[in-house]
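Below is one structure, written out as structure tokens; the observations come after it.
The values are calculated or read from the model by the stated rules, or taken from the named source; none is laboratory data. What you are looking at is a predicted structure, and each value in this text was computed from that prediction instead of being measured. Note that we place each Cβ from the backbone using ideal geometry, even for glycine, and neighbour counts take in every protein chain shown. When the accessible area is computed, the model is the full protein with side chains, heavy atoms only, and any ligands, DNA or RNA have been set aside. Shrake-Rupley method; radii C 1.70, N 1.55, O 1.52, S 1.80 Å.
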Amino acid sequence: MRLERLTCSVDELWEKLERYQGENFLTAKKLPFTYTIRGGEMFVDRRSKSITKATFARALEKIQEDPGKITGPKSLNVFGAPYILAIIRGLPEEDPAADEK
């Protein structure tokens, strides 16, 4: 997904994350990982700590403020940024016509 097109709310993003849990994603350094969602927490198989929905909300806010400033994980400045950015970039684009059906 292109960061410029990320116009959803954190709840909509979280629902999409729930649909794609268990899928394979790659970090910017091409390290493979998967994740699972339990309540308001995401557990990445490469990390022992969880990434919370609130952390995703902060990252989403930064992306939506100025997507051009997000050049890599460090520019998000949130815990778990390499995974957050990799997942957001790796999510498929939504087909607006599919939502109308």
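List of remarks:
- Filtered trypsin sites (Lys or Arg not before Pro), region 1-87: DSSP coil and at most 14 other beta carbons within 10 Å: Arg2, Lys29, Lys30, Arg46, Lys49
- Label-point gap, in nm, between Leu31 and Ser48 - each point 7 angstrom along Cα→Cβ: 1.5
- Count of Lys pairs (Cα-Cα under 18 Å; at least 8 positions apart or interchain) in the chain: 6
- Along the axis of the charge dipole computed for the chain (Cβ charges of +1 for Lys and Arg, -1 for Asp and Glu, origin at the Cα centre), the listed residues Leu17, Leu76, Leu91 are led at the positive end by Leu76.
- Dipole moment magnitude, nearest 20 debye, the chain about Cα centre, only Lys, Arg, Asp, Glu C-beta charged: 720
- Answer label, with Cα extents along the principal axes in Å calculated from the coordinates and candidates [x] 39, 29, 25; [y] 44, 26, 22; [z] 89, 22, 16: [x]
- FRET efficiency for Val10 and Phe79, using Cβ-Cβ distance with R0 set to 22 Å, rounded to 0.05: 0.90
- Heavy-atom surface of the chain, accessible at 1.4 Å and reported per residue (Å²): 62
- Mean shadow area of region 44-98 over all directions, Cα convex hull, nm²: 4.7
- Surface composition of the chain: carbon and sulfur make up 48 percent of the accessible area, probe 1.4 Å.
- If the chain linking Asn24 and Glu41 were pulled fully straight, counting 0.36 nm for each residue of separation and taking away their Cα-Cα distance, it would gain 4.3 nm.
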